[in-house]
Structures are given as C-alpha cells and as structure tokens.
Amino acid sequence: MATVYALQDPRDGRVRYVGCVVSTPRYLKSRIHNHLSEARGRSRSAKSMWLRDLLAADGLPTVLILETVDPDEASARERYWIATYRANVGDALTNVQGGGLPARRRYSKNDRPWSSERIERFRAAIAAREARRIARGSRVVPILIVPAKKAR
C-alpha cells in the first residue's frame, strides 16, 4: 500500500507539504524523521526552512494521512493532492515539484561506490554523534500522526 500524507503547521493549521510513501506505516514515521533531519541540517529548501522555523519555536508538524492507495495510483494521487492544496493554500505549500516523481539527482563522474574504509569512517562518525546526543540528554521526539478530516 501507499500512503499520501500532508505536513500541517500547528500554528496556523495550514498544510505546508504533501508527500507519499510506498511501504508500511512504519516507513511513514521514518520519512517524517528524515524531513526533520533535513531541516536540522544544511538544506535550503522551502520545506526545510519552514520546518527549521517550526522546530525553533518548539513545534512539530502534524502529519495528516490523506489517503491510502494502491502503489500504482500513488503518483497520480500525490499530484492530485498537491494540485488541490496549491489551489487552496497557494504559496504556503512548500512542494517544489508537482509530485509523483522523486527529485532528480545529478550524478558526477566522481560518484563511486564507497570503499570499506569510507564506510567504517562513516559508521564511526555516526556512533560518535549518537554518543554526543546521549551525553547531552537528547531524546527522539515522538511524531503525532492523525487521519485527515474528510472534506465535505
């Protein structure tokens, strides 16, 4: 199954992002955490900047499940919901594309599979970051996922 979801700003109730995951509900939670991680990083996308602002105000987006569909229909339904929200909330929607396709990545000639040494350095850096997070007393923030209200 595929889930089409929206991220809503709890401060004003407006939908700011529409996305889709083709997998289990557990993957949806992981995808939301990815959005939040991008926002905490260096991403300069409109979505990340909005989430960064929301996180700075000690807020979290509300995740609305718009619908669950067959994976073959997922792209079309995501495009439908993006078009619907664009018509209703206009500039508030932070989606860059019209949906349905992943953002294109430009590959360079330097892209190669990682060596085992690079993988080990990466794992060590992740472990060190996790140790610092635990030492600071940080914790994983729970995500609130609610079904969207049906339109009348």
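Throughout, read-outs are computed from the coordinates displayed, never taken from laboratory work. These numbers were taken from a predicted model, which means no experiment stands behind them. Every residue, glycine among them, receives a Cβ derived from its backbone with ideal geometry; neighbour counts consider all protein chains shown.
About the centre of its Cα atoms, region 2-99 shows a dipole size close to 360 debye [charges on the beta carbon of Lys, Arg (+1) and Asp, Glu (-1) only; nearest 20 debye].
Only Cα pairs under 8 Å and 6+ residues apart enter the sum, and on that basis the relative contact order of region 2-99 stands at 40 percent.
Note on residue 45 and residue 1: their simple-model spin labels are 2.5 nm apart, each label 7 Å out from Cα toward Cβ.
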